[in-house]
1. Looking at segment C:75-134, which of its residues are facing chain A (nearest Cβ under 7 Å) and more than 48 Å from the chain's Cα centre (by Cα)?
2. Name the residue, out of A:R79, A:R107, A:R143, A:R137, that is of a type outside the set (S, T, N, Q), in contact with a Pro (Cβ under 7 Å, 6 or more places away or on another chain) and farther than 27 Å from C:W33 by Cβ.
3. Of the conditions (1) within 41 Å of the chain's Cα centre (by Cα); (2) in contact (Cβ under 8 Å) with a residue 40 or more places away in the chain, B:D43 clears all except one; give me its number.
4. Here is a list of conditions, (1) touching a Ser or Thr at 6+ places or on another chain (Cβ under 8 Å); (2) within 30 Å of B:L78 (Cα to Cα); (3) not acidic (D, E), and A:G92 meets all of them except one; can you say which number that is?
5. For the subset of segment A:4-21 comprising residues that are of a type in the set (A, V, I, L, M, F, W, C) and modelled with pLDDT under 90, which member is nearest to the chain's Cα centre (by Cα)?
6. What's the total number of residues in segment C:115-174 that are at negative phi and outside any helix (DSSP H, G or I)?
7. Quickly run through segment B:80-93 and pick out the residues that are of a type outside the set (A, V, I, L, M, F, W, C) and either in contact with a Leu (Cβ under 8 Å, 6 or more places away or on another chain) or crowded, with 21+ Cβ neighbours inside 10 Å (or both).
Amino acid sequence: MSASAGDAPDDFERAVEAAVFAADAPMSPAEIAAYVGDGPVGDALAAIAQRHAGHGIELVERGGRWHFQTAADLAHLLRRERDEPRKLTRAGLEVLAIIAYHEPVSRAEIESIRGVQTARGTLDVLMEAGWIRPAGRRDVPGRPIIYRTTPDFLTHFGLESRKDLPGIDDLKAAGLLDPVDDALEDALEDAIGNDELTRAELVKDGETE
Amino acid sequence: MSASAGDAPDDFERAVEAAVFAADAPMSPAEIAAYVGDGPVGDALAAIAQRHAGHGIELVERGGRWHFQTAADLAHLLRRERDEPRKLTRAGLEVLAIIAYHEPVSRAEIESIRGVQTARGTLDVLMEAGWIRPAGRRDVPGRPIIYRTTPDFLTHFGLESRKDLPGIDDLKAAGLLDPVDDALEDALEDAIGNDELTRAELVKDGETE
Amino acid sequence: MAQGDPGADSFELPVTAAAPVGEDVFTVELDNWEGPLDLLLTLARRQKVDLKAISILDLVEQYLGFIAEATDMKLEIAADYLVMAAWLAYLKSGLLLPGDPDLDPSPETLALRLQLRLQRLHAMREAAARLMARDRTGRDVFVRAAPEGLRTVKKRQWTASLYDLLVSYGRVQARTAPVTHMVANRQVMTLDAALERVARLVGATIDWTRIEAFLPESYAGSLRKSALASSFLAALELARQGKVTLRQDGAFAPLYLKGGSA
């Protein structure tokens, strides 16, 4: 870590800053090193990020790749009506969320959550946006293709990694990312010997309305 | 001018920085103000330029418009050269050999030794490879450029000096002349009474690239 | 929109069948729902309780009512909505009638399963909404619109070996050096010698004799070929002079000589 911020900038740090700044896509430390040569790229990135922190431009990491962007709190000044980011249909939104929170996930698994067939176009739109990609096949009968999110997905939504997906820890803790069958088994075990209660709960006549 | 650089950045300055950064073309102070609202745009620009001075990114003014760019002295980083090995063509090898054995030598002399015309590109390739260089002009009518090999030529081919090049007799002893010799005689025998064919065969050699 | 439930409906949904306002206004738009589960979830959320505390029975009632009304309107209803309706009707009867302990899975299990599925779909829908509310690139945060860009330039690196170079020079030399044909020093039988020999021997022969018989016995290999060629020319010359007669029965057939003119 650079000892003294604000002093004479070191040449390697300058080079890293210039390379990331000039690039037209986020860059991994390895990609940066291909331009600036070997050196402590990670330290330089940390020092640069620290120097820019709190200013109008920020150096951020998204899925292991770094890029500069404007500070989020300035959105109101910069928002431009004309270039609205891609608007997704409700189906598109759900499928994207299901893939992001469950990845890797097959089409059948997506459909089991949504309870409806996924139109061919829905996955296409997400792939065209560069947010999901096919990631091999599941080793089960039929060998269905499975899908994952891409680094561009993390970049677009400002996530450092999938761990930053909003609420993912809570959803995991609540078992809401587990398959229904698993959850059903757990629930039935909990309810064993208390059949009446379960029944009562389920039949309860919406009086909370 | 902002009094204290490096302190808590002021919001107006942050906004100016973000606006200039995100713009797709250099912006005048008036255009910047259209985004960030009225305020001391000039002062903010000066403060931002000063803060970035000496780092990898620079805020520069060009004809009254401002934009960020990569520090000029780091421009070389934006291009990464990757070596792509290419084998010299047969014509290239022949011309190089003639220059090496006969230097300094003009293009007309090369052609008279090779017996075929030498494409312009062949000499260019050899110069690009750094193996030959123009070495003045021959003091004859037309004053043709004459060529020599370079020290890089010696290095690449592992020669101490041109004297290390084997002589014609050595080549013959090593069998480097004979196989070709036989092949040529066979060709001549086949083509006896058909001078045109022989001629065509000879010219085709090498320059067909 | 949402006249039947002013202000209370926090969902972005149009009027639903559950809130009929009058025959003219009442619309059922099944296209608004992405399948039965979606519709069920919407109905469940109208109960405004935690999905864990939802009354499945109530939900089933609503769904069946919705489908019944849509059917009354003679709307086309997708098959999967009807399949779900049938399944829910079965579930409803199972829940209301005294439990049949042999039924597997039990209606309670089926209901629980439906509840869990609704929870999951709901969770994903919430997650999507939170995802979309993040600081998104191009809407809330911006990258450089016109970066210089980084380029990889391929630099040609020419290679050649010394061997290639020397072979090439040899090739050039061989091709362009004046072609001097060096005839190796080898033994031949001259025409004069052949003339003398054939003339001498043919005088002594009366019968047709093959030309090979006139060659010196000791000659072999290329010398023999040379002798044959010379002797042939000598025979032609002697025939011209009338001293020898030649006979050949066909092309490439043996050549016979006999002394004297024909």
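The values are calculated or read from the model by the stated rules, or taken from the named source; none is laboratory data. The model shown is predicted, which means the values in this text are computed figures rather than measured ones. Glycine gets a Cβ as well: all are built from the backbone with ideal geometry, and neighbour counts include every protein chain shown.
1. Once the filter is applied, which keeps residues that are facing chain A (nearest Cβ under 7 Å) and more than 48 Å from the chain's Cα centre (by Cα), segment C:75-134 yields C:L95, C:E108, C:T109, C:A111, C:L112.
2. Numbers: A:R79 fails: in contact with a Pro (Cβ under 7 Å, 6 or more places away or on another chain); A:R107 fails: farther than 27 Å from C:W33 by Cβ; A:R143 fails: in contact with a Pro (Cβ under 7 Å, 6 or more places away or on another chain).
So the residue among A:R79, A:R107, A:R143, A:R137 that is of a type outside the set (S, T, N, Q), in contact with a Pro (Cβ under 7 Å, 6 or more places away or on another chain) and farther than 27 Å from C:W33 by Cβ is A:R137.
3. Among (1) within 41 Å of the chain's Cα centre (by Cα); (2) in contact (Cβ under 8 Å) with a residue 40 or more places away in the chain, B:D43 violates only (1).
4. (2)
5. Only one residue tops the list, namely A:A5.
6. Going through segment C:115-174 one residue at a time, the tally reaches 27.
7. B:R80, B:G92
Residues checked against (1) surrounded by 11 or more Cβ atoms within 10 Å (Cβ to Cβ); (2) at pLDDT 80 or above; (3) of a type outside the set (S, T, N, Q); (4) more than 30 Å from B:P85 (Cα to Cα):
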site: B:R133; (1), (2), (3), (4): yes, yes, yes, no
site: B:R148; (1), (2), (3), (4): yes, yes, yes, no
site: B:P179; (1), (2), (3), (4): yes, no, yes, no
site: B:E189; (1), (2), (3), (4): no, no, yes, yes
site: B:L197; (1), (2), (3), (4): yes, no, yes, yes
